[in-house]
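To start, the structure itself, in structure tokens.
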Ligand code: FAD
């Protein structure tokens, strides 16, 4: 009979909880004697995931859904018994704000790359010169060095020109990364576009060819949305995930201060209150700045995550339907950086996710805070609300006060994946494997910021250690 091993998991966001789940699963499936303890610094689980449920509303402070095609998350949702709770978004037109006007995103644009000629040719979003410049993509040769990482901005500017990047691609991407497109790593965020260029040379032709052929959907059948969430909010998933784990293995309100390696190959985790916990393995899912403080600095490659994560805030507001004098025939809009607005995006939540809102009400959720200017995030709630309402009045003509609102600040919450990210992550993991072989790093700072990416990262960390 082999000796019982203990795994300590640092951080109780989605990555930490998923890691705990996979440790438990591994123990059950292999019969390996394993126990674990998850240590969360705050008094609640979920990290960035935080749902408010009140009076029939389901409002998310942080993430609101995930990409359905990344099935690892759906598998986990089903594993914890919530498969029936999954709901996809209502589809509809999304818009871009440019010159203070909402323009429909041209039909057939995949992450901003045109795959249909007519909608692109007729959109007033770009000038004739901008459209012509995008057409260069059809003739330009591919990059000579397709292996090295470049910024997303550099890559798309070369192929499609500045206008398409600044007015379409950048606003679409900044919703996901809240970063600077001219520093964002192509390889670690959208490697598929580098592959498309490598294979087809032209992005437009390549995307056209590689798009799955749409089956003719019967008129009566609704097109399915690309995102999924849970009817009672993402926190219901966190709750189910933690209930699937032994209660005494999860400890909240315990801040970790240090991790030391012992002579016998085990690790000692030291808490802020001075207590310690010994383990054979440690899975670290804390934000990068915290993780760096827990270990010797020499383990971390210089330059990695030197740019601070961006701070953002979301403002969810409920209005009476008859006071919002605007046809919400779509899912929301994102905003080109050149616009002088405080908000960076607005989701028409009650339209995109009808289950979140009681009848007769309209919920709008706006984002504030961009990589270049995050001061607004630190303003008082009323000041942020006023700026948001001023913008909504100018953009949508909404001239009503919300019945209630929630401002949610997420400080230093969006890790910046800059050029060379994948190389840095490899260096970091090699350095840990050599010096602290029982420690694995997982979560949003490394393998993708999306919720499914975090689940996958947790799964890989467990596989690598056990
Ligand atoms: P976290 O959730 O940050 O968890 C880390 C945990 O570590 C926290 O609970 C923290 O309290 C704990 N901790 C910190 N220090 C210590 C310590 N010293 N000791 C112990 N514990 C500690 N992704 C999507 O897929 N879809 C979306 O719609 C989406 N929208 C987003 C909207 C916003 C506003 C933000 C900020 C992110 C969004 N994301 C979205 C990204 C996604 O939410 C995150 O990448 C993901 O939740 C990160 O999970 P994590 O477990 O890696 O980290």
- So is residue 173 surrounded by fewer than 17 Cβ atoms within 10 Å (Cβ to Cβ) and either farther than 22 Å from residue 426 by Cα or at pLDDT below 90 (or both) or not? no
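Determine which member of the set 371, 400 is touching a residue at least 60 places away in the same chain (Cβ under 8 Å), within 24 Å of residue 58 (Cα to Cα) and either away from the ligand (no atom under 16 Å from the Cβ) or surrounded by 21 or more Cβ atoms within 10 Å (Cβ to Cβ) (or both).
Details: 371 fails: within 24 Å of residue 58 (Cα to Cα).
Unique residue meeting the criteria: 400.
May I ask you to say which residue of 242, 236, 249, 261 is in contact with a helix residue (DSSP H, G or I) (Cβ under 9 Å, 6 or more places away or on another chain), in contact (Cβ under 8 Å) with a residue 40 or more places away in the chain and more than 16 Å from the ligand (Cβ to nearest atom)?
Details: 242 fails: more than 16 Å from the ligand (Cβ to nearest atom); 236 fails: more than 16 Å from the ligand (Cβ to nearest atom); 249 fails: more than 16 Å from the ligand (Cβ to nearest atom).
Testing whether each residue is in contact with a helix residue (DSSP H, G or I) (Cβ under 9 Å, 6 or more places away or on another chain), in contact (Cβ under 8 Å) with a residue 40 or more places away in the chain and more than 16 Å from the ligand (Cβ to nearest atom) leaves just 261.
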- Message: Any residue that is outside any strand (DSSP E or B) and at pLDDT below 95 - is there at least one of those in region 354-367?
- Response: no
- Item | Total residues in region 59-78, condition more than 9 Å from the ligand (Cβ to nearest atom) and either over 22 Å from the mean Cα position of the chain (by Cα) or closer than 21 Å to residue 175 by Cα (or both) | 3
- Residues of region 9-21 being buried (at least 24 other Cβ atoms within 10 Å of the Cβ) and either at negative phi or not assigned by TED's automatic domain parsing to the domain that holds residue 266 (or both), in sequence order, are 9, 10, 12, 13, 14, 15, 16, 17, 18, 19, 20
- Message: Pairs needed: first member in region 62-82, without any contact (Cβ under 8 Å) to a residue 12 or more places away in the chain; second member anywhere, within 13 Å of the ligand (Cβ to nearest atom); C-beta distance under 9 Å; at least 6 residues apart or different chains.
- Response: 75/455
- Evaluate region 25-37: report whether one residue or more is surrounded by 16 or more Cβ atoms within 10 Å (Cβ to Cβ), within 15 Å of the ligand (Cβ to nearest atom) and in a loop (DSSP other than H, G, I, E, B). no
- Message: Exactly one condition in (1) buried (at least 18 other Cβ atoms within 10 Å of the Cβ); (2) away from the ligand (no atom under 16 Å from the Cβ) is false for residue 297; which is it?
- Response: (1)
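Considering only helices (runs of 4 or more DSSP H) fully contained in region 93-177, which possess at least 2 residues that are more than 16 Å from the ligand (Cβ to nearest atom) and touching a helix residue (DSSP H, G or I) at 6+ places or on another chain (Cβ under 9 Å)?
On the way: elements: 117-122, 128-135, 152-160, 170-177.
Hits in region 93-177: 117-122, 128-135, 152-160.
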- Query: For residue 426, all conditions in the list (1) closer than 29 Å to residue 366 by Cβ; (2) assigned to a helix (DSSP H, G or I); (3) more than 16 Å from the ligand (Cβ to nearest atom) hold save one; what is the number of the exception?
  - Reply: (1)
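The values are calculated or read from the model by the stated rules, or taken from the named source; none is laboratory data. Everything numeric here is computed off the predicted structure, so don't read it as measured data. We place every Cβ from the backbone using ideal geometry, glycine too, and count neighbours over all the protein chains shown.
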